[in-house]
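The values are calculated or read from the model by the stated rules, or taken from the named source; none is laboratory data. These figures come from a predicted structure and were not determined experimentally. No Cβ is skipped: glycine too gets one built from the backbone with ideal geometry, and neighbour counts run over all protein chains shown. We work out accessible area using only protein heavy atoms, side chains counted, and drop any ligands, DNA or RNA first. Shrake-Rupley method; radii C 1.70, N 1.55, O 1.52, S 1.80 Å.
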Amino acid sequence: RRVHGGIFMNKNLIITGGVLAGVGALAAGYFYYKQNVSSTDGAKLRRLPRELVIKVLKQLDKDFYQHFYSLAEMVAKFKEQTQGRMPIDQIKEFFLSSEESPILHNIQDVESKVYSANGVTEEEIQFACENIYKDDQEIQTIMRTTKTTLDRAAMGIPPESSTELPDFMTPELTLRIFEKILYNQAKKMLEIASQLQETGGNINPYDPSVAKAFGDIKIEEIRKEVLDEVGLNSFTEPGMKIFQYAVQKYSQDPSSPMFKNCLLYTSDAADDLLCVDLGGRRIIKKKKIP
């Protein structure tokens with residue numbers, strides 16, 4: 001077991017098996033990441049104000065952050081499990097092309113919510129970026145930055161986390177957030193494991209239905225709920241980015257020597273709550289979750 005990028009990763013838990021099957025052309029998603037996109041007929045579309053286009057792109061970039069972070073985690077774990085035998089391009093397609101991909105669905109969900117909240121459509125934003133504001137430096141820079149972050153995440157490289165920390169983001173609060181995220185994830189996993197045991201007995205990690213059940217856990221929603229509670233998502237920067245930077249900063253801070261030990265202890269405690277190894281060497285035991 002280890003702490004990976006501030007979020008606990010169980011070495012024996014594979015949540016991607018049986019979920020992300022199939023390789024093909026990149027499916028629907030952030031429009032300028034698609035391949036072979038046909039040009040949009042601008043005659044039928046509104047001319048969106050520059051300020052609105054910038055607002056939408058910035059909101060997309062912010063809301064994509066935690067999903068890109070999750071993608072980087074999953075790809076890094078996949079590369080570790082396959083010992084680097086699969087080419088990067090195939091890994092990227094593996095995680096971003098299947099209609100069953102949770103990452104792809106999350107990206108599409110973010111787009112839908114942002115477009116709806118701002119009263120625009122994907123086609124209008126696409127046409128504005130590719131035609132009306134194709135020479136606008138700020139708009140094109142936002143697009144390139146987001147695409148680069150996605151490309152890097154698809155290679156297993158997490159988004160840049162360096163940012164300013166709010167005054168209230170102390171080591172103590174960072175640990176409480178970390179703990180709550182882990183325990184909420186553990187609680188959800190216990191619920192699913194209990195349901196699987198009631199219907200099928202032993203948990204077989206090679207069973208596609210088992211892999212899908214764990215793969216369908218919406219980790220990003222669990223994180224978002226906790227970050228919303230402490231007000232981190234109210235800032236211009238993504239709440240997950242602020243949290244990740246706090247973990248990174250305090251882990252390396254000589255004035256907080258116990259911080260990293262507390263992270264590891266909390267990770268172990270969450271693992272003990274689950275008491276599960278999908279390889280079959282241990283049996284799930286329900287424990288009281290604080």
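Hey, rough spin-label estimate for A269 and M155, points 7 angstrom out along Cα→Cβ, what's it come to in nanometres?
Distance between label points: 3.8 nm.
First select every other residue whose beta carbon is under 14 angstrom from the beta carbon of I91; then total the charges, Lys and Arg +1, Asp and Glu -1.
Summing Lys/Arg as +1 and Asp/Glu as -1 gives 0.
Would you kindly state how much longer the chain becomes between S255 and D228 on full extension, computed as 0.36 nm times their sequence separation minus their alpha carbon distance, in nm to one decimal?
This chain segment gains 6.9 nm when fully extended.
With the other protein chains left in place, how much accessible area per residue, in square angstrom, belongs to segment 82-176 at a 1.4 angstrom probe?
I get 52 Å² per residue for this part.
Could you work out how far apart the two model spin labels at K113 and F235 are, taking each label as a point 7 Å from the Cα in the direction of the beta carbon, and quote it in nm?
Each label point is offset 7 Å from its Cα along the Cβ direction, giving 1.9 nm.
Between Q59 and R176, take the C-beta separation as r, use R0 = 25 Å, and let me know the FRET efficiency to the nearest 0.05.
0.35
Work through the residues other than P158 whose Cβ is under 9 Å from its Cβ and net out their charges, Lys, Arg +1 and Asp, Glu -1.
Around P158, the charge tally is -1.
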